[in-house]
Amino acid sequence: MSVTIGIAGTAKNTGKTTTTAAILNELYNQKISVGLTSIGYDGEEIDNITRLPKPRLFVKKDTVVATAKKCLQAGSAGYDILEVTDILTPLGKVCIVKITAEGMVVIAGPNKGTQLNYIKYRMINDLKCEVVLVDGALNRLAPMTETDGIIIATGASRTTNIDDLVDETKALAELFNLPAVSKDESKYLSNLDKIALIFDFNKEPVLLKYGSLFDSKIARDICKKTKEENRTVKIIFVPALISEAALKNLNKCMSESWNGKDLILKDSIKLIIGGNPESILMEINKIEAEGGNVKILKTIPLLAITVNPFYPKYYSASCTYEADYINREKLLKSMRACINVPVIDIESDGPLRLLENIISRI
């Protein structure tokens, strides 16, 4: 059995690449076959904004890598091209390669979930990778629905205010850990690809048209349709990305009508990328306070959070950045006090706890 793990950073320089590199190294130490790709572009040697050095990914022989064609020339690792896919990026088509000589790589992978699913399938089923690592970021998280679990990398580059950083990370963790639907609900909903109002599992739902984004207009349409129906709506099913504004609008027009109803979303990621995690969680709490429930059709476990005290400090007088750090011990203690998943500082703790989480899922 194989597993696909996403590593997503909340901002630039939060330690995502360091986390990925540490996991890679430990996988090599334990002789576990690995595939590597990313959502979009990563792997630059120097940060484009701060001009500070960034860690690149070092890969060993027999690693399977999926990256854009132009990126192959920018790395130092030797490789054999196994497939030139039809997946297009600004840096050329994504190639699946096998590393023949160790070295550095630059990764620019697929941007869509269907594309990532294809890469994952090839790596696991055809090329026999036991672990596939997907490098990403919070602002391009959507394709991570194709992973089996996610590691979030956050830190002082997101904000140097530890309390604010903890509050945001705690909200993210709670959104990832929203309860899953029951088996009966999963069976009924799995074949639905439209927003649906559900009254009884023995009857056909009322289906609503929608685009890829659940916006405020659709929220108003749902409320109107709910009030027009003579039957009691038990479930509002939303398979689309739902924006923070739309969720607020839905709450506003459903005011005091949530009692006994479930809002079921296809996955947590469609919530998380819709806006500020703390604001979204606040809206979910309002639903629950009124007697409603928010559930998830497809859960994507949050495996761990890595924290990085480093941030690039800006000096306006010289228009330059220098490396600086917030208090490492306070950051770790504050995070661990209120978040119920492993919180790890890769630099001081190492990757073993992370890898244990990954291996336990193989």
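The values are calculated or read from the model by the stated rules, or taken from the named source; none is laboratory data. The shown structure was predicted, so the numbers you read here are calculated from the model rather than taken from an experiment. Reconstructed Cβ throughout: ideal geometry from the backbone, glycine too, with neighbour counts over all protein chains shown. Just the protein is used for accessible areas: all its heavy atoms, side chains included, with ligands, DNA and RNA removed. Shrake-Rupley method; radii C 1.70, N 1.55, O 1.52, S 1.80 Å.
Quick notes on this structure:
- Summarising the label geometry, the points placed 7 Å from Cα in the beta-carbon direction at Asn327 and Met282 lie 2.7 nm from one another.
- Rounded to the nearest 20 debye, the dipole size of region 1-155 about its Cα centre is 220 debye, using +1 on the Cβ of Lys and Arg and -1 on the Cβ of Asp and Glu.
- Once all protein chains are placed together, Met104 keeps about 50 Å² accessible to a 1.4 angstrom probe.
- Rounded to whole numbers, the Karplus 3J(HN,Hα) couplings from phi for region 130-147 are 7, 10, 10, 9, 10, 7, x, 8, 4, 7, 9, 8, 3, x, 5, 4, 8, 8 Hz, using 6.51 cos²θ - 1.76 cosθ + 1.60 with θ = phi - 60°, and x at Gly and Pro.
- Rounded percent of accessible protein surface that carbon and sulfur make up, region 155-287, 1.4 Å probe: 44 percent
- Spin-label proximity, Lys203 to region 222-252 - amide N less than 17 Å from point 7 Å beyond Cα toward beta carbon: 225-237
- Equivalent ellipsoid dimensions for region 213-306 as semi-axes, Å, which come from the Cα gyration tensor, largest first: 23, 14, 13
- Only protein heavy atoms count here; on that basis, with a 1.4 Å probe, Ser216 has an accessible area of about 30 Å².
- Label point distance in nm, Asn29-Lys61, each placed 7 Å from Cα along Cα→Cβ: 2.2 nm
- Using a probe radius of 1.4 angstrom, the carbon and sulfur fraction of the accessible surface of region 304-362 is 48%.
- Rule-of-thumb Rg ratio for region 120-211 [Cα; 2.2 N^0.38 Å; N residues]: 1.52
- Largest to smallest principal axis extent of the C-alpha atoms in region 284-324, angstrom: 55, 25, 15
- FRET efficiency, 1/(1 + (r/R0)^6) with R0 30 Å, evaluated for Ser348 and Met104 via beta carbons: 0.75
- FRET efficiency estimate (nearest 0.05) - Cβ-Cβ, Ser360 to Asn259, R0 45 angstrom: 0.70
- Accessible area per residue, Å², the chain with all protein chains present, probe 1.4 Å: 46 Å²
- Choice from Asn340, Asn125, Asn29 with maximal GNM fluctuation in the chain (Cα, 10 Å cutoff): Asn29
- Among beta bridges identified by DSSP and lying wholly in the chain, the antiparallel ones come to about 45 percent.
- Distance-filtered residues of region 1-23 - backbone nitrogen under 15 Å, label point 7 angstrom along Tyr315 Cα→Cβ: none
- Of the chymotrypsin sites (Phe, Trp or Tyr not before Pro) found in region 160-220, those that fall in a DSSP loop while having at most 13 other beta-carbon atoms within 10 Å are Phe201.
- Shown in residue order for region 268-275 are the 3J(HN,Hα) couplings computed by the Karplus curve 6.51 cos²θ - 1.76 cosθ + 1.60 at θ = phi - 60°: 5, 4, 5, 8, 4, 7, x, x Hz (x for Gly and Pro).
- Per-residue [θ]222 nm for the chain (sum of -39500 (n - 2.57) over DSSP H runs n ≥ 4, rounded to 500): -9000 deg cm²/dmol
- Sequence-distant aspartates and glutamates (8 or more away, or on other chains) whose Cα lies within less than 14 Å of Lys217: Glu244
- Proximal charge balance of Asn340 [Cβ under 12 Å; K/R count +1, D/E count -1]: +1
- Note on Cys253: accessible area is roughly 30 Å² with a 1.4 Å probe, heavy atoms of protein only.
- Relative to the globular-protein estimate of 2.2 N^0.38 Å, the Cα radius of gyration of the chain stands at 1.05.
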